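As structure tokens, the structure follows; a few thoughts come after it.
Just so it is clear, none of the values below were taken in a lab; they were calculated from the coordinates. Not measured: the values here are computed from a predicted model. Note that we place each Cβ from the backbone using ideal geometry, even for glycine, and neighbour counts take in every protein chain shown.
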Amino acid sequence: MVETAIEVLSELGVEWEIIVVDDGSTDRTAEIARELSELHRGVKLVSHPTNSGIGSAVRTGISSSSKTWIFYTDCDGQFDLTELQTLWNIREGADVISGFRRHRQDPLMRLMYSFAYNTLTYIFFFGGFKDVDASFKLFRRSVFERISIRSSSSVADLELLLLPRKCGYRIRQIPVSHYPRRAGSVSCESYRKGIFAWVRIAPIIEMFLQLVQLRLRLWRGDV
């Protein structure tokens, strides 16, 4: 993913940096990212001592960045990084550009609880977005001078759309390709075999509570 990102960013012809956020992983993520940072100028590693959740990782990545535009994605290979070019080409007409998965390539159970989550957010926040938890987003850095991401879970992806909308920023969603997961696992699953999976309740409760907190924040106008 890092090497592909280098190729894509080099073709854009812009000054770039790649920030790898290691969220307390127990594999060789930090070691490999450190080696890449030594090989490639512009690649940076930021590590959390313990796992803090995807929202915390996104917040760390944003606060560690220094460029005018910030692009965020997962590192599990489910998105095609070459499609960043499409987002980049239309950046002047928006402040936030978010990809939504054209044909989502996930197991059935994953699709089911993602549908439930998207439906819940539609009811909570009066709709307005497709595929709120897709992690393929491009932002003007100035957006984060007004908003702050507080969720530690994947509710952060929703914050990244709702809070800019609340502040009047221009948001555009476009379709992007999606592929089967090549590495890693879903945070709310403890075991998977084929289309079936054991679901962990604690992360789901955490996400629900953070959705409620986000709804209260928006009612108060606290962004």
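Laid out as a table, the results:
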read-out	value
Gap separating the Cα centres of region 26-44 and region 54-108, nearest whole Å	20
Once exposed loop trypsin sites (Lys or Arg not before Pro) are cut out (DSSP; at most 13 other Cβ, 10 Å), longest piece of the chain	103-145
Inter-label distance for R28 and Y122, nm, one decimal - labels placed 7 Å from Cα along Cα-to-Cβ	4.4
Charged-residue dipole, Cβ positions (Lys, Arg, Asp, Glu), the chain about Cα centre, Debye nearest 20	860
Principal axis dimensions, largest first and in whole angstrom, of region 98-148 by Cα	39, 24, 16
Alpha-carbon Rg/Rh ratio, for region 136-178, with Rh computed the Kirkwood way	0.96
For the chain: relative contact order, % (alpha-carbon pairs under 8 angstrom, 6 or more apart)	23
Approximate shape of region 2-220 as ellipsoid semi-axes (Cα gyration tensor, √5λ), whole Å, largest first	25, 22, 18
The chain: Lys pairs at Cα distance under 28 angstrom, eight or more positions apart or on different chains	7
